[in-house]
Amino acid sequence: MTDLLKVRVENVTYEWIGKGNMAFGLFLELPIVTFDLKGVSAGKTIPQEWHIKYNYDYLFNNPKKFVDNTPAHEVAHLIEWKLYGKCGHKKNWKEIMHTFGFENPTRCHNYKIIL
């Protein structure tokens, strides 16, 4: 199950890269995707390394919500970096998320974790 979840998130991440390429006329490469993020963040984008880190604990405990939200959120950061040279959760990121179909994109998640 764990490997299937990871593969699913990788595939969805790559799908969002493709959607971003189409929507913004870009030719983004596929990012490095790892599942070694710890702490309270569900995902973290390191644009200079073209790398997205995911928190596997949140994925495992919230698979549907995670897959439906976190990859798009992180890919939006890569697109923002490519278009504007910066990353954040302000106007440009929100506009990218709106283009992706998210009406009210948020900076933070409300995923549960069971220890």
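The values are calculated or read from the model by the stated rules, or taken from the named source; none is laboratory data. As the structure is a computational prediction, the values presented were derived from the model and not from experiment. When we count neighbours, we look across all protein chains shown, and the Cβ atoms used for this are built from the backbone with ideal geometry, even at glycine.
What are the pairs, 6+ residues apart or on separate chains, where a residue within the stretch 23-37 that is aromatic (F, W, Y) has its Cβ under 7 Å from a residue that is not in a helix (DSSP H, G or I)?
Listed by first residue and then by second, the contacts come to F35/Y54.
Just wondering, is there one or more residues in the stretch 49-57 that are among the polar types (S, T, N, Q) and part of a strand (DSSP E or B)?
So far as the stretch 49-57 goes, no, none of its residues is among the polar types (S, T, N, Q) and part of a strand (DSSP E or B).
Could you look through the stretch 61-115, keep only residues that are of a type in the set (F, W, Y) and at pLDDT 95 or above, and pick out the one that is surrounded by the most Cβ atoms within 10 Å (Cβ to Cβ)?
F66
Among the residues of the stretch 13-34, which ones are under 12 Å from the mean Cα position of the chain (by Cα) and either at positive phi or assigned to a loop (DSSP other than H, G, I, E, B) (or both)?
P31, the sole residue that qualifies.
Does F27 qualify as being over 15 Å from A72 (Cα atoms) and either surrounded by 14 or more Cβ atoms within 10 Å (Cβ to Cβ) or of a type in the set (D, E, K, R) (or both)?
The answer is no for F27.
Only residues in the stretch 91-115 that are without any contact (Cβ under 8 Å) to a residue 24 or more places away in the chain count as the first member; pair them with residues that are surrounded by 10 or more Cβ atoms within 10 Å (Cβ to Cβ) and of a type in the set (F, W, Y), Cβ under 6 angstrom, at least 6 apart or cross-chain, and list the lot.
N92/Y84
Keeping to the stretch 31-50, report how many residues are of a type outside the set (S, T, N, Q) and farther than 17 Å from E80 by Cβ.
The qualifying residues number 9.
Tell me which residues, restricted to the stretch 38-48, are within 19 Å of Y14 (Cα to Cα) and part of a loop (DSSP other than H, G, I, E, B).
Answer for the stretch 38-48, where residues must be within 19 Å of Y14 (Cα to Cα) and part of a loop (DSSP other than H, G, I, E, B): just A42.
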